[in-house]
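Read the structure below first, then the notes.
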Amino acid sequence: MNIFPFQAALAASPLPAPLSAPLPAPLLRAQDVSIDYASGAGSVRATHQVSFDVYEGDRFVLLGPSGCGKSTLLKAVGGFVQPTSGGLLLRGRRIVKPGPDRIVVFQEFDQLPPWKTVRQNVMFPLLAGGVKKKEAQARALHWLDKVGLARFADAYPHTLSGGMKARVAIARALAMQPDILLMDEPFAALDALTRRRMQEELQALWEEVGFTMLFVTHSIEEALVVGNRILLLSPHPGRVRAEIDSHRFGLASSGSEAFQAAAQRIHRLLFGDAQPAAPDRESAAGEPAAVAVQA
């Protein structure tokens, strides 16, 4: 068969790589966020120039030791704290105050008014926000069913376990249909078995509904189980150490060698003296990829 010169040239030339689809605009963007707070000795810096993006459907975890400013960052996203410098944008608009597009679930479940039933607790913020009673009741029952508490709709908080109160708080938050669910160590007050069950139920609920979540924890194992992306914050003041892609991990893999290797690696990134000189990628040992690293 004859091969013409232009055919030979084409055969020798590599095909151009296919164009990758551009990333969507982030739902939430933190841009060089520094937060100071007043103390008896003057001003104390909680976080220093923290940047990250959260996309729709993310389970984004802020992970770091106590005092690194992760809860302060979450409160800033909620609009309860203003950054000293930098900014927080939700759908491209600067966050300046609390709003129904960001609902917080705290670790203290006694936030449920004890004189209201479970159904009334879930309905309360809806009614306060102007939702008609019939719709508020329908939404409350829908989300109570989603978290497995439909038959406890008329129970009072004092009759519920800690895990059940946590589920009521989650149902109440999701009934508000926020753009992003903010969770500040929501399972920290629970015993180990209940905490594991709640992690499992949160994962199942996310898979069914597909909400966006910003989750704060100081537990490496919980971060790997709950999150698909993890931002590592240094000890005080909180700076970004790395961003980890953790979508492959979950409760089913929590006893695996890859999971334990990932947990050890995250511990080294958080507390080790030496920092990587460049972003790490997937390793043969199955460790998560550090997609961004800052000193």
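A short reminder: the numbers here are calculations on the coordinates, not readings from a lab. Computed from a predicted model, the values in this text were never measured in an experiment. Glycine also receives a Cβ, built like all others from the backbone with ideal geometry; neighbour counts cover every protein chain displayed.
Rounded to the nearest 0.05, what FRET efficiency do A128 and L23 give with R0 = 35 Å and r taken as the Cβ-Cβ distance? Could you check? Spell out each step's value before the answer.
Working: r = 37 Å, r/R0 = 1.04.
In this case the efficiency is close to 0.45.
For the pair H267 and A188, a Förster radius of 25 Å applied to the C-beta separation gives a FRET efficiency near 0.85, rounded to the nearest 0.05.
For the pairs K70/K132; K75/K134; K97/K165; K70/K116; K70/K133, flag any whose C-alpha to C-alpha distance is greater than 29 Å.
In this structure, K70/K132; K75/K134; K70/K116; K70/K133 lie more than 29 Å apart at Cα.
For chymotrypsin sites (Phe, Trp or Tyr not before Pro), the sites in segment 51-89 that DSSP calls loop and that have at most 16 other Cβ atoms within 10 Å are Y55, F80.
Work out, step by step, the length gained on full extension between D110 and Y55: first 0.36 nm times the residue separation, then minus their alpha carbon distance; give nm to one decimal.
Details: separation 55, 0.36 × 55 = 19.80 nm, distance 3.11 nm.
This chain segment gains 16.7 nm when fully extended.
Rounded to whole Å, give me the distance from the Cα center of segment 187-219 to that of segment 228-266. Taking the Cα centre of segment 228-266 as reference, the centre of segment 187-219 is 16 Å away.
When the trypsin sites (Lys or Arg not before Pro) in segment 193-272 are filtered for DSSP coil states and for at most 10 other beta-carbon atoms within 10 Å of their beta-carbon, no site remains. Site pair R248 and S85 shows an inter-label distance of 3.9 nm when each label is modelled 7 Å from Cα along Cα→Cβ.
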